[in-house]
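The values are calculated or read from the model by the stated rules, or taken from the named source; none is laboratory data. Because the structure is predicted, anything quoted here is derived from the model rather than measured. Here the Cβ is made from the backbone with ideal geometry for all residues, glycine too, and neighbour counts use every protein chain on show. Ligands, DNA and RNA are stripped out before the accessible areas are found, and what is left, the full protein with its side chains, is counted by its heavy atoms. Shrake-Rupley method; radii C 1.70, N 1.55, O 1.52, S 1.80 Å.
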Amino acid sequence: MYRVGVTVGQILVFLLFFAIWEGIVDFFHIKPVILPPPSRIAEVMWEQRALLLTNTWPTFVAISLGFIYAVVTGFVIAVGIAYSRIVRELTYPFLVTAQILPKIAFAPLFLIWFGFGLTPKIVIAALIAFFPVVINTAKGLSSVDSELLQYMDSLGASGWEKFTKISLPWAMPYFFAALKISITLAIVGAVVGEFVAAGEGLGYIINASNISLDTELMFAAIVAMSLLGIVLFLVIVAAERLFVNGVEENGGVQATM
Amino acid sequence: MSKAPHISIKGLSVSFKSRTGTVNALNNISLDIAPGSFFTIVGPSGCGKTTLLKVLSGVLQPSGGEVLFDGVAIDKNKVQGQVGYVFQRSLLLPWRNALDNVMLTMEVARRDMSRADREREARHWLKIAGLEGFEKRFPHELSGGMQQRVSICRALAFRPKVLLMDEPFAALDEITRETLQEELLRLWMQTETTVVFITHSIPEALLLSEQIAVMSARPGRVLERIEVPFPRPREEATRELPEFGAMAGHVRGLLRHREPVAATAQ
Ligand SMILES: Nc1ncnc2c1ncn2[C@@H]1O[C@H](COP(=O)(O)OP(=O)(O)OP(=O)(O)O)[C@@H](O)[C@H]1O
Ligand SMILES: [Mg+2]
């Protein structure tokens, strides 16, 4: 009963937010070019559904590919860091430095390097989504309870068994905490990529409608973008429910753009 | 299943190096543990009992001396898979439920068993430990004593030749402890398992063991090795025997006598 009440309350807060927005726009006669009311944004989304849907696809592709590249390379390097002293000592200072740099500022450079289109978007998305995965997964893998590993040793477990039965599941909460941050960073990366180097995608629509002062379309694209982001985030949460058992979340995350 | 090995410990020393200095945990320990015996170690806290078990299980390299299983020095590969180890902490995998935790040891050390056999065996031990109905619970849904029982089941389930038990019953209530003690003794008498057991309870040591080694405070040495003669089954009546009281008093005296040394050895 309590949970249901809370959920209803949470939905009401959203509705209230949109109602106040609608009311303010109406009351102060704010021009749609400055701030369109939610009702108008919904209308535009419906009118422009074909345009929005066709442009959601390239954005989705850029986010997904960037995210997948980031997760795969991030994971592999994290394993290297956790298991090899040389890899750890060579890469760690670099990672820590790269972590605090504003990587997003390289976006215009990638236009020069990779041209116009899908590639620069994927590269930017992957670049900023990569760091939380490496750092968090490496932290998870190297924080395994050493007595658990000793226990496995006493049973005659192989290195592979220790990795798959102990270290990997141990690091899963850390890994998924990183994925949740990474997916949002990949979205930011893809959109920024579309701002500077694309002729299609929701980021391109946002940018183009900004130039033509079509604020209504811009808001419609932002809402579409947000919905896409929420869906991707929920996919990760669902995967986490599936793969992480019996542990309360314990993975702290460090991330910067 | 083949026989348990004869364990001989010769001049064993272990020291830990840390930033604050070197800790000598064990100093020149020599012991012989006959195959199939029930051998108990008692000693003050911090005297190196856990350290000794870790060396016996092959997970810790001694800094001096050696451990022989049937005359062969144990390097890692030799012992592993022969010893069942109940750690002082329950050390369960938080992402596995009770049943899957018990199956872990069989997955690793008993690859000949089918999955169905492993599961049957695991359920059997959980039932003995009074955990029927809790098979699907995760460790954080179990009490501390229940977790410890799962951990004991896990060690017993793969039927190791040597069982190393580090204060396994310390966290349990009286009744559960007695049940598990009886089960352990039954298992020990039916099989040829050697049990090396650590406890802080002198009556427990006298009721379970064939031999007791009393250790000094750190760095641990063997003060005395005592044969426990009482006939089995040992019951409530055994506790009432005057010899039982005398032996308990003797062990207590050995431990107490050394306490001031423990204080200065820091
Ligand atoms: N990994 C380690 N690093 C440094 N010192 C250690 C380590 N493990 C144990 N020691 C030290 O070695 C000594 C013996 O420890 P051990 O755990 O064997 O004691 P114990 O006899 O099992 O004590 P208790 O009855 O309290 O469990 C202690 O002084 C402890 O501080
Ligand atoms: Mg101990």
Just for segment B:28-72: of the residues that are of a type in the set (Ser, Thr, Tyr), part of a loop (DSSP other than H, G, I, E, B) and more than 28 Å from B:Arg232 (Cβ to Cβ), which one is farthest from ligand 2 (Cβ to nearest atom)? B:Ser63
Among strands (runs of 3 or more DSSP E) entirely within segment B:147-215, at least 3 residues that are in contact with a helix residue (DSSP H, G or I) (Cβ under 8 Å, 6 or more places away or on another chain) and either more than 16 Å from ligand 2 (Cβ to nearest atom) or under 20 Å from B:Phe87 (Cβ atoms) (or both) occur in B:162-166, B:194-198
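Residue-wise test of (1) within 30 Å of B:Gln88 (Cα to Cα); (2) within 14 Å of chain B (Cβ to nearest Cβ); (3) modelled with pLDDT of 90 or more; (4) not in a helix (DSSP H, G or I).
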{"position": "A:Ile81", "(1), (2), (3), (4)": "no, no, yes, no"}
{"position": "A:Val87", "(1), (2), (3), (4)": "no, no, yes, no"}
{"position": "A:Leu90", "(1), (2), (3), (4)": "no, no, yes, no"}
{"position": "A:Pro93", "(1), (2), (3), (4)": "no, no, no, no"}
{"position": "A:Ile104", "(1), (2), (3), (4)": "no, no, no, no"}
{"position": "A:Val133", "(1), (2), (3), (4)": "no, no, yes, no"}
{"position": "A:Ala138", "(1), (2), (3), (4)": "yes, no, yes, no"}
{"position": "A:Leu149", "(1), (2), (3), (4)": "yes, yes, yes, no"}
{"position": "A:Met152", "(1), (2), (3), (4)": "yes, yes, yes, no"}
Looking only at segment B:89-97, decide whether some residue is at pLDDT 90 or above, assigned to a loop (DSSP other than H, G, I, E, B), within 16 Å of ligand 2 (Cβ to nearest atom) and closer than 30 Å to B:Gly144 by Cα. yes
Residues of segment B:36-63 satisfying the condition of being of a type in the set (A, V, I, L, M, F, W, C) and within 15 Å of ligand 1 (Cβ to nearest atom): B:Ile41, B:Val42, B:Cys47, B:Leu52, B:Leu53, B:Val55, B:Leu56, B:Val59, B:Leu60
Filter result for B:Glu107 (within 14 Å of chain A (Cβ to nearest Cβ), among the acidic types (Asp, Glu), away from ligand 2 (no atom under 16 Å from the Cβ) and more than 18 Å from B:Lys161 (Cβ to Cβ)): yes
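If the requirement is being assigned to a helix (DSSP H, G or I), acidic (Asp, Glu) and surrounded by 20 or more Cβ atoms within 10 Å (Cβ to Cβ), which of these qualifies: B:Glu107, B:Glu121?
Details: B:Glu107 fails: surrounded by 20 or more Cβ atoms within 10 Å (Cβ to Cβ).
Exactly one of B:Glu107, B:Glu121 is assigned to a helix (DSSP H, G or I), acidic (Asp, Glu) and surrounded by 20 or more Cβ atoms within 10 Å (Cβ to Cβ), namely B:Glu121.
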Would you check if there is a residue in segment B:64-87 being of a type in the set (Ser, Thr, Tyr) and either away from ligand 1 (no atom under 16 Å from the Cβ) or open to solvent by 20 Å² or more (accessible area, probe 1.4 Å) (or both)? no
Tell me, yes or no, whether segment A:194-215 has at least one residue that is farther than 15 Å from A:Asn55 by Cβ, over 11 Å from the mean Cα position of the chain (by Cα) and among the charged types (D, E, K, R). no
Right, B:Lys10: within 20 Å of the chain's Cα centre (by Cα), within 14 Å of ligand 2 (Cβ to nearest atom) and among the basic types (Lys, Arg) or not? no
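Could you look through segment B:23-35, keep only residues that are within 9 Å of ligand 1 (Cβ to nearest atom) and out of contact with any Leu (no Cβ under 7 Å at 6 or more places or on another chain), and pick out the one that is farthest from the other protein chains (Cβ to nearest Cβ)?
Kept after step one, since they are within 9 Å of ligand 1 (Cβ to nearest atom), are these residues of segment B:23-35: B:23-26.
Those left that are additionally out of contact with any Leu (no Cβ under 7 Å at 6 or more places or on another chain): B:23-25.
Details: B:Val23: 17, B:Asn24: 21, B:Ala25: 15 Å.
Across segment B:23-35, the extreme among qualifying residues is B:Asn24.
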